[in-house]
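Heads up: the structure comes next, in C-alpha cells.
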Amino acid sequence: MFDDKKIKKVFCLGLVFLCYGVAIAQNRVISYATSSEDFPNPERGFYLASHSKPGDLKEDELIKLRTTNSIKSSNANYATFITLIYKGYLLTEFRDKPIIDDFLNQLQSDFDITRKAGLKMILRFAYTNTSHKGDCPEGQICPPYGDAPKEIVLKHIAQLKPLLQKNADVIAVMQEGFIGIWGENYYTDYFGDASKNDLGYMPDSSWRDRNEVLKALLDALPPDRMVQVRTPRIKQHFVYGVHAPLKPAEAFSQSDKARIAFHNDCFLSSEDDYGTFADYGSSTSPKKPANKILRNYFEQDSKYVAVGGETCDDAFSPQNDCGPKGHAEEEMAAMHYSFLNVSYNNLVNNDWETQGCMTAIKQHLGYRFVLEKAILPVNQQITDSLKIDIQINNQGFASPYNPRKANIILRNTSSKEIYTIALKTNVQKWFSGTTHINENIALPREIKPGQYEMLLHLPDVAKSLNNRPEYSIRFANNQVWESQTGYNSLNHLLKIIK
C-alpha cells in the first residue's frame, strides 16, 4: 500500500510549497514588460522657468504642460512633459522695506493654482535679475549689483515662512536665492564679493552672514524639504568646512546637513562650470581652483540630495554633447540630476535632440522605476503574514529626493473595497539599479475573505495630495498604470481565505 502522507508531502514539495495536512500559500512568479514610453512623473524631468509676477499663473496652462508632450518655447526643437515649474520671484521693490500683503496674497494664489493643476514648484527669491556693464575689473558685470542687506533678507524670510510652511506640499525644493544677482550668491553688495571687483576672496564674516541666511531658510521650511545651494563650497562652509560628503546613515535624516542640496546653473558650460567647482577662499586662504576635489565631493553627496539646474553656454563643446564625443548623460548620472531647465540654454539642449540622446535624458532625469519581477502568494490565510518579494530597477539618474510612501493596495474584485498596507521600504533609497522589496506584512484585521487585485501605490506623503493620481509615481511598464487611481497593478490576484 502507498503511504498517503508521503505522497502528499512529495506533491507539495514539487509545487514549491510545504503542507503538512494544511494548505499553505503557493507562490506565483510574475515578470513585467518594460515600457520605453515618455510620460510625466512628479518632482523630476525638465522644468519650465517662469519669472512672471506673483498671481500670473493660469491653471489651464499648467495642466497642459503636464498632460501634453509639448514645450512652451519658440527656440526648442524638442518636446517634453512638465511636472515642475521654476518660479523666480523678484523682491526688487522691497529691498528696504517689508513685503506688502498684496504680494504675499498673490504668492498664495500661485501655490493654489499649482496645486489644482497637479504640478510642483522649484522656488527662488531674488532682488535683481539685471546686470550692467561699466568701468570695473569684471567689465560685463559691475557694482552696485542691487541686492539687499542681511537684516532685510532675514525679515523677508520670516515673512515668507508661514506661506512656505502652509504650501510645502507643492514646493518640490527651494533654492537659496536672495543673495546676489539672480539670487546666485556671487555678485553681491552685502555678502562678500569674491570677484575681481572687490577682495577676490570670501572673508569669514561673509561666510557667517551667508550661513545665517541659509539657516533661516532651512528653518522656514518643514524638515522634509531641501534647500538647494549654488555651489558645493556653500554647503561645506555651512557644515563648518567639513569636506566629507554625506554618509549613508546621514542621508534623508532631515538634519540640516542632509537637507542642503545643489543647483548648478551653468551645467556642462566650462571645465569648472563657470566657477561652480571653485574654492572662493576665506580670510585665511586664497581663492583657488578646486575642480577635481569639489566634483568628487559633489558626485558623492548628490546621491542623497536634490540636484538640478540648467546649461548656460554651448561653448564647452563637444564635452557637453551626447556620447561618444561628449559626456552629457554620463555627467548627469554621476551627479544624480533630477531636473533641468527646458528652455535654457537651448543651444545645448537642442544638440541633445539632434545628436540622439534627448529621449534617454528625458526618461532618466530623476528616477525611472521599472517592475522586473514579483513573487507573490496565490492563496493567503487571513491570519497569516503576507509575504511579498518585488524586484524593482531604477533606470534613472537619481532616487526621489522627497519622502514618499510605498503601499500595497488590495482591491476586492467584487465589492471594489480597498485596503492599504504600508511597506517599510524607504523609496528615497531606491537608488539607481536594483532594489528588492522583501517583506512580511500583516493583513488588516477588518479584511474579508475573497479575491483581491494586488497593486503598488507610491503616493505623495502630504494629506492634500495623497489621493491625487498626478502626484503618484508611475512605473515604466506596459499595462500596469491606472491613471484614475495612481496605482500600479502587480497583475496578480490574491485569494484570501479563513
Discussion item. Take residues that are among the hydroxyl-bearing types (Ser, Thr, Tyr) and surrounded by fewer than 17 Cβ atoms within 10 Å (Cβ to Cβ) and tell me which of the strands (runs of 3 or more DSSP E) falling wholly in region 391-498 contain 1 or more.
Written reply: 418-422, 433-442
Discussion item. Exactly one of these conditions fails for residue 307: (1) over 16 Å from residue 337 (Cα atoms); (2) touching a residue at least 24 places away in the same chain (Cβ under 8 Å). Give me its number.
Written reply: (1)
Discussion item. Of everything in region 179-209, what is out of contact with any strand residue (DSSP E or B) (no Cβ under 9 Å at 6 or more places or on another chain) and among the charged types (D, E, K, R)? Give them in sequence order.
Written reply: 189, 193, 196, 198, 204, 208, 209
Practice prompt. Please give the number of the condition residue 50 fails out of (1) surrounded by 14 or more Cβ atoms within 10 Å (Cβ to Cβ); (2) in contact (Cβ under 8 Å) with a residue 40 or more places away in the chain.
Written response: (2)
Discussion item. Based on this model, can you work out whether residue 343 counts as in contact with a strand residue (DSSP E or B) (Cβ under 9 Å, 6 or more places away or on another chain), assigned to a loop (DSSP other than H, G, I, E, B) and free of Cβ contacts under 8 Å to residues at least 40 places away in the same chain?
Written reply: no
Discussion item. Any residue in region 393-422 that is under 21 Å from residue 169 (Cα atoms) sitting within a Cβ distance under 8 Å of a residue that is polar (S, T, N, Q) and surrounded by fewer than 15 Cβ atoms within 10 Å (Cβ to Cβ)? List the pairs, counting only those 6 or more apart or interchain.
Written reply: 407/420
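Report, by residue number, each residue of region 303-318 that is more than 22 Å from residue 182 (Cβ to Cβ) and either out of contact with any Ser or Thr (no Cβ under 9 Å at 6 or more places or on another chain) or not assigned by TED's automatic domain parsing to the domain that holds residue 198 (or both).
Those that are more than 22 Å from residue 182 (Cβ to Cβ) and either out of contact with any Ser or Thr (no Cβ under 9 Å at 6 or more places or on another chain) or not assigned by TED's automatic domain parsing to the domain that holds residue 198 (or both): 317, 318.
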Discussion item. Any residue in region 466-487 that is under 16 Å from residue 117 (Cβ atoms) sitting within a Cβ distance under 6 Å of a residue that is assigned to a strand (DSSP E or B)? List the pairs, counting only those 6 or more apart or interchain.
Written reply: 471/460
Worksheet item: Is there a residue being touching a Phe, Trp or Tyr at 6+ places or on another chain (Cβ under 9 Å), under 27 Å from residue 364 (Cα atoms) and at pLDDT 95 or above anywhere in region 414-421?
Response: no
Worksheet item: For residues in region 261-277 being more than 13 Å from residue 295 (Cα to Cα) and in contact with a strand residue (DSSP E or B) (Cβ under 6 Å, 6 or more places away or on another chain), which is surrounded by the fewest Cβ atoms within 10 Å (Cβ to Cβ)?
Response: 265
Discussion item. Return the residues of region 279-308 that are closer than 22 Å to residue 365 by Cα and part of a strand (DSSP E or B); say none if nothing qualifies.
Written reply: 307, 308
Worksheet, complete the sentence: Checked 260, 293 against criteria (in contact with a Lys or Arg (Cβ under 7 Å, 6 or more places away or on another chain), in the same structural domain as residue 232 (by TED's automatic domain parsing) and β-branched (Val, Ile, Thr)); the one match is 260
Fill in: Count of region 373-385 residues which are assigned to a strand (DSSP E or B) and surrounded by fewer than 21 Cβ atoms within 10 Å (Cβ to Cβ)
5
Discussion item. Only one of 282, 338, 317, 343 is among the polar types (S, T, N, Q) and more than 25 Å from residue 48 (Cα to Cα). Can you tell me which?
Written reply: 282
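The values are calculated or read from the model by the stated rules, or taken from the named source; none is laboratory data. Worth saying up front: this structure is predicted, and the values here are computed from it rather than measured. Cβ coordinates were reconstructed from backbone atoms using ideal geometry, including for glycine residues, and neighbour counts include every protein chain displayed.
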